[in-house]
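Notes follow once the structure below has been shown.
The values are calculated or read from the model by the stated rules, or taken from the named source; none is laboratory data. None of the values given here were measured: they were computed from a predicted structure. Here Cβ is always computed from backbone atoms with ideal geometry, including for glycine, and neighbour counts include all displayed protein chains.
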Amino acid sequence: MKGAYRTKAREEILSFLKEHTEQRFTAKEILTAVSERADGINKTTVYRNLDRLCEAGNLLKLKEPNQDSWFYQYSSEQRHCDQHMHAQCNVCGRIYHLDSPFVKTFEQNLLEECGLMMDPAKTVIFGTCETCRTFKSRSRDLARDLRQRS
Ligand SMILES: [Zn+2]
Ligand SMILES: [Zn+2]
C-alpha cells in the first residue's frame, strides 16, 4: 500500500506541473495542490518525490534572488529546459522559455566579453509581461479619472 501511495504522489506532482508548464511553484504550493487531488499524500512523500524528480531531470529546481524557498518547474524533454534560460513576469509569475537565437548570441557575448560561462538552467531574467503592464497602466488611468472627477 505504501508503494502505491509513493507512485501516486509522483504521478500527481508530474501531472500538476505538466498542466502549468508556464509557472513555477514552491514545494509547499505543490503539496497543497497535490493533496487536494489525492488522499493519503503526505509532506515527506511529496518532498522526497520532488528531489527524485529533479535528479531524474523531470523537474527544474530554481532559487530566486531575495527569496528563501526553492521553486520547481516542469522540464519537458522536448523543450530541454535545462539547456536554456528563462524569463519570468514579476507580477503574474508567467515563465518564458528563452530558446531563440538572440539568447544564444547573448550567451556567446557573455562568454567572449566577460569570460563568464552561463548556467542556463539557473538563469532567470525578471520583468513585467505585456498583460501585466497593460493592466497596471489601466488601473493608473482609472485612478487618475477618479481623482479628476472628485
Ligand atoms: Zn524552458
Ligand atoms: Zn505578468
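Points worth noting:
- Which listed residue, of R144, R133, is more than 23 Å from L53 (Cα to Cα), under 21 Å from the mean Cα position of the chain (by Cα) and of a type in the set (K, R): R133
- Qualifying residue in region 45-62 (condition: farther than 30 Å from F135 by Cβ, surrounded by 11 or more Cβ atoms within 10 Å (Cβ to Cβ), small (G, A, S) and outside the structural domain of S137 (by TED's automatic domain parsing)): yes
- Within region 68-113, considering residues that are within 15 Å of ligand 1 (Cβ to nearest atom) and charged (D, E, K, R), the one surrounded by the fewest Cβ atoms within 10 Å (Cβ to Cβ): E77
- Residue within region 97-111 that is away from ligand 2 (no atom under 16 Å from the Cβ), modelled with pLDDT of 85 or more and β-branched (V, I, T) present: yes
- Taking first residues from region 94-112 that are within 19 Å of T128 (Cα to Cα) and partners that are among the aliphatic types (A, V, I, L, M) and outside any helix (DSSP H, G or I), the Cβ contacts under 7 Å between residues at least 6 apart in sequence or on separate chains come to Y96/A87; L98/M85; L98/A87; V103/M85.
- Subset of region 85-128 that is assigned to a loop (DSSP other than H, G, I, E, B) and within 23 Å of E55 (Cα to Cα) - its residue that is farthest from the chain's Cα centre (by Cα): M117
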